[in-house]
Structures are given as structure tokens and as C-alpha cells.
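Engineer: The structure that follows is given in the form of C-alpha cells.
No lab work stands behind these numbers, since they all come straight from the coordinates. Bear in mind the structure is a predicted one, so any value in this text is a computation, not a measurement. All Cβ positions, even for glycine, are placed from backbone atoms using ideal geometry, and neighbour counts span all protein chains on display.
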Amino acid sequence: MNSRKVDFSVGLFVLIGLLAIVYMAVQIGGSRFLGGDTQKVTAIFSNIGGLASGSNITIAGVKIGTVGPIELNPETLKAEVQLLINNDIELWNDATAAIKTNGLIGDKYVSLYPGTEIEGISEPLQGKLVDTESAIDIEGLISRFAFGSVTDE
């Protein structure tokens with residue numbers, strides 16, 4: 001009888017420990033169990049230049065979400081990037097997105113400008129975010145500069 005109590009106590013302790021490890025792994029990874037606290041917005045880019053799923057999304061340098069799946073639209077030949085943004089962030093119809101780089105050759109991330117709320121004029125963003133700025137192709141700029149095809153405009 002006493003052996004059963006010890007076995008039960010040890011099993012309960014191991015189960016609580018495993019649940020704590022899973023909880024910490026989810027918290028450190030930034031994942032959500034149900035994903036109910038994010039809104040999905042699709043941004044259209046002509047060139048994502050190395051942006052990957054899981055990259056950060058920022059407003060004024062503060063992380064407000066992560067990049068979701070990235071797909072190529074076969075009709076327009078443009079990248080459709082799903083942005084998973086915190087629900088408490090409001091985006092307006094004049095919102096813009098730009099792909100930026102941390103440092104000269106660092107990780108890519110999406111920088112958002114949420115737009116401006118003007119009473120009677122602005123509407124919340126619905127559908128796709130098409131006012132975007134693609135990634136700068138550093139390699140292309142360097143090669144154009146090196147071979148003399150850069151012009152002043």
C-alpha cells in the first residue's frame with residue numbers, strides 16, 4: 001500500500017515537471033497554444049530578399065508579431081507574406097510595410113507603419129496590404145556600382 005503512494009507521488013512529480021518544461025519551451029519560443037491572440041494580414045511584395053517565416057515584425061522598433069507562411073502567387077509572380085500581428089495593434093487603410101535588415105548583412109524583418117486614424121476618412125485595414133517596400137538588393141547595388149552602371153538621377 002505504501003509502495004503505491006510512493007509510485008503515485010513520483011509519477012505526479014514527473015508529470016508536473018514535464019508540463020513545466022513544455023510550458024517554458026512554448027514561452028521561450030514565443031509560440032501560442034491556440035493562436036487566438038493574433039490577427040492575420042497578407043502583405044504583397046515584389047521581392048522579399050531573404051525574408052523567412054518566423055522573422056520579426058516591428059513598429060517603431062518594437063516587436064509586434066512574426067512572419068507566417070510565404071507563398072509565390074503564380075498569377076502575379078509576387079510574394080504573399082502572411083503577417084501574424086498582435087490583436088491589440090490597429091492597422092488603417094494607409095498602412096505600409098517594408099522589409100529591412102538588421103545591420104549591413106543581418107537578419108531580415110518587416111517594419112510596419114500602422115497608418116493614421118482620421119475620423120470620417122480612415123478605415124481599418126481589410127484585405128491585403130499592398131503598399132509595401134521590397135528588400136534592398138545589396139549584392140545587385142554593389143555589382144552595378146562595381147561595373148559602372150549606376151547613374152545619378
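Engineer: Return the FRET efficiency for the residue pair Asp88, Ile138: r is the Cβ-Cβ distance, R0 is 41 Å, and the value is rounded to the nearest 0.05. Walk me through the numbers before you get to the answer.
Structural biologist: Working: r = 34 Å, r/R0 = 0.84.
With R0 = 41 Å, the Cβ-Cβ based efficiency is 0.75.
Engineer: What fraction, in whole percent, of alpha-carbon pairs in segment 43-119 exceed 15 Å separation?
Structural biologist: Working: 1620 of 2926 pairs.
It works out to 55 percent of all Cα pairs.
Engineer: Of Tyr23, Tyr109, how do they rank once you tally other Cβ atoms within 10 Å and put the fewest first?
Structural biologist: Values: Tyr23 11, Tyr109 19.
Ordered from fewest to most neighbouring Cβ atoms within 10 Å, Tyr23, Tyr109 come out as Tyr23, Tyr109.
Engineer: Further, regarding this structure: To two decimal places, what compactness ratio does the chain give when its Cα radius of gyration is scaled by 2.2 N^0.38 Å?
Structural biologist: On the way: Rg = 22.6 Å, N = 153, 2.2 N^0.38 = 14.9 Å.
The reported ratio for this selection is 1.52.
Engineer: Would you please give the residues with an amide H less than 5 Å from that of Ile64, counting only those at least 5 places away or on a separate chain, with H modeled from the backbone geometry?
Structural biologist: Under 5 Å from the amide H of Ile64 lie the amide H atoms of Ile57, Thr58, Ile59, each far enough along the sequence or on another chain.
Engineer: What percent do you get for the relative contact order of the chain when only Cα pairs under 8 Å and 6+ apart count? Each step should come with its number before you reach the end.
Structural biologist: Numbers: 240 pairs, mean separation 34.9, N = 153.
So the answer I get is 23 percent.
Engineer: Among Val62, Val22, Val41, determine the one that fluctuates most according to a GNM of the chain built with springs between C-alpha atoms less than 10 Å apart.
Structural biologist: With Cα springs under 10 Å in the chain, the top fluctuation among Val62, Val22, Val41 is at Val22.
Engineer: At a Förster distance of 35 Å, what's the computed FRET efficiency of Ser122 paired with Val26, Cβ-Cβ distance as r, to 0.05?
Structural biologist: On the way: r = 36 Å, r/R0 = 1.03.
According to the calculation, E is roughly 0.45.
Engineer: How would you rank Asp107, Asp88, going from fewest to most other Cβ atoms within 10 Å of each one's own Cβ? Before the final figure, lay out the partial values.
Structural biologist: Working: Asp107 13, Asp88 8.
Result, fewest neighbours first: Asp88, Asp107.
Engineer: Among the lysines, which fall within straight-line cross-link reach of Lys108, defined as a Cα-Cα distance under 26 Å, with same-chain neighbours fewer than 8 residues apart omitted?
Structural biologist: Candidates past the 8-residue exclusion: Lys40, Lys63, Lys78, Lys100, Lys128.
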